[in-house]
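The values are calculated or read from the model by the stated rules, or taken from the named source; none is laboratory data. It should be emphasised that the depicted structure is a prediction, and the values quoted were computed from it without experimental measurement. Don't worry about glycine lacking a Cβ; one is built from the backbone with ideal geometry, like all the others, and counts go over all protein chains shown.
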């Protein structure tokens, strides 16, 4: 079982596994028209490729996304942000620090992001142009 990260599709998983998308949909009860949500859990069959090969392909895909996003940045730093009462992920990402909210998943534990409490600490990218 794996957790779906931003911008991943059933087609990506099929390609990385050397499998077909319809098998993944069937095993996970997904219709052709249903969209996977970031954070969803999927069952995958590793009979056609090893978990290590799958992970390498997945990491390469995400590194490409990150590099594309940061390509026009002069510098990127990670800072630690302490959650205050009233903070939410959308406002922190889009309004305060000005980055796509899905980047939070690359730098933080999904379980922590699902339920934040004052005093929790998050790693946030600060982008300098």
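Would you confirm, using the coordinates I've provided, whether residue 45 is at pLDDT below 95, outside the structural domain of residue 111 (by TED's automatic domain parsing), part of a loop (DSSP other than H, G, I, E, B) and farther than 23 Å from residue 113 by Cα?
It is true that residue 45 is at pLDDT below 95, outside the structural domain of residue 111 (by TED's automatic domain parsing), part of a loop (DSSP other than H, G, I, E, B) and farther than 23 Å from residue 113 by Cα.
So, in region 58-93, how many residues would count as being in a helix (DSSP H, G or I) and over 29 Å from residue 16 (Cα atoms)?
So the answer is 5.
Determine whether residue 34 is over 23 Å from residue 18 (Cα atoms), part of a loop (DSSP other than H, G, I, E, B) and either modelled with pLDDT of 85 or more or not assigned by TED's automatic domain parsing to the domain that holds residue 17 (or both).
Working: over 23 Å from residue 18 (Cα atoms): no; part of a loop (DSSP other than H, G, I, E, B): yes; either modelled with pLDDT of 85 or more or not assigned by TED's automatic domain parsing to the domain that holds residue 17 (or both): yes.
Considered against the rule, which asks whether it is over 23 Å from residue 18 (Cα atoms), part of a loop (DSSP other than H, G, I, E, B) and either modelled with pLDDT of 85 or more or not assigned by TED's automatic domain parsing to the domain that holds residue 17 (or both), residue 34 comes out as no.
Any residue that is in a helix (DSSP H, G or I), surrounded by fewer than 17 Cβ atoms within 10 Å (Cβ to Cβ) and more than 14 Å from the chain's Cα centre (by Cα) - is there at least one of those in region 6-15?
Within region 6-15, one or more residues are in a helix (DSSP H, G or I), surrounded by fewer than 17 Cβ atoms within 10 Å (Cβ to Cβ) and more than 14 Å from the chain's Cα centre (by Cα).
Can you find a residue in region 66-80 that is under 14 Å from the mean Cα position of the chain (by Cα) and at pLDDT 80 or above?
Taking every residue of region 66-80 in turn, at least one turns out to be under 14 Å from the mean Cα position of the chain (by Cα) and at pLDDT 80 or above.
Kindly provide the set of residues from region 94-129 that are over 17 Å from residue 7 (Cα atoms) and in a helix (DSSP H, G or I), ordered by number.
Scanning region 94-129 gives 94, 95, 96, 111, 112, 113, 114.
Pairs only if they're at least six apart or on different chains, beta carbon under 8 angstrom, first in region 66-79 and closer than 11 Å to residue 128 by Cα, second exposed (fewer than 11 other Cβ atoms within 10 Å of the Cβ); list them, first residue then second.
Going by the 8 Å Cβ cut-off, the qualifying pairs are 72/129; 73/128; 73/129; 74/128; 74/129; 75/128; 76/128; 77/128.
In region 16-31, what residues are surrounded by 15 or more Cβ atoms within 10 Å (Cβ to Cβ) and either in contact (Cβ under 8 Å) with a residue 60 or more places away in the chain or assigned to a helix (DSSP H, G or I) (or both)?
The answer is 16, 17, 21, 23, 24, 25, 28.
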